[in-house]
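Some notes on the structure that comes next.
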Amino acid sequence: MRILVVTESDDAATRLRASLQRRGGVVDNVGSLERARVALQIHQYRALLVEWRFPDRRVISLVVEMRRRQPGLAIVLLCSPLGVPDVVEGLQAGADDYLAGHYEHAEMLARLRAVTRRQLPVAVQRLDIGRLRFEFGSGVVLLDGQKLYLPRKQLKLLEALCARSGQRVRRSVLESAVYGEGRQVPRGGLDCHVSKLRRALAPAEIRIQYARGHGYLLLADRANGGIQTDESHVNLG
């Protein structure tokens, strides 16, 4: 399961990441609501954990927007002790649950499992392009029905391109997807991963086209491909 954690605290982000990764989660962390919106456009997340320390109305706005755009996304608010009106407002905006005060990570994991169970079944998107299938929910890549194993950064690059199939994707968006928001990008790093991914995708009859100043575009060499949905069960292991 892929999870997005939105918190300004590096310590909280580190603890949450360690706790969730030990249970098999794939965890991304961002430090602002603006970066959260970008990440949610690039990736298909199963759960969103967002800290209430950000200005209240902006958190509420994000929750309302994500509930409308991604009905299957589990949303949990992480917050200091709140009054009843604040809790009610957060839940009415579309949050599935909240954790107040100095919560135990065991409680957080239990609540996250509970809200993801309540959301099931969910529509899991997949993209068929060329001879390749990319399953967004699981990150599984299939070539002619057989699993294609890619290194982590190449997989993140492919996911970002597939999420905007048929559209130019800016270099900065791909760098954030591959290296993380706000992380330093090695000189020539993205170009290296694009080159390796091109070679890996050659048997799939797929091209990664680049136009200077416009970005990267994922194309099939033959006319088939499109985003589809399946009803699938996803759980927090």
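A protection proxy built from the mean count of other Cβ atoms within 10 Å ranks the segments 152-162, 67-77, 186-196, most packed first, as 152-162, 67-77, 186-196.
The simple spin-label model puts a point 7 Å past each Cα toward its Cβ; for residue 142 and residue 211 those points are separated by 3.2 nm. With the simple model of a label 7 Å out from the Cα in the direction of the Cβ, residue 185 to residue 61 spans 2.6 nm.
Computed from phi, the 3J(HN,Hα) profile of segment 153-163 under the Karplus parametrisation 6.51, -1.76, 1.60 (θ = phi - 60°) reads 5, 5, 5, 5, 5, 5, 4, 5, 5, 5, 5 Hz, with x in place of Gly and Pro.
The separation of segment 58-75 from segment 1-41, counted between C-alpha centres, amounts to 16 Å.
Model label sites at residue 219 and residue 10, defined 7 Å from Cα along the beta-carbon direction, differ in position by 4.3 nm.
Each value in this text was obtained by applying a stated rule to the coordinates, not by laboratory testing. Being a predicted model, the structure only gives us computed values, none of them experimental. Methodologically, a virtual Cβ is constructed for each residue, glycine included, from the backbone with ideal geometry; neighbour enumeration extends over all protein chains shown.
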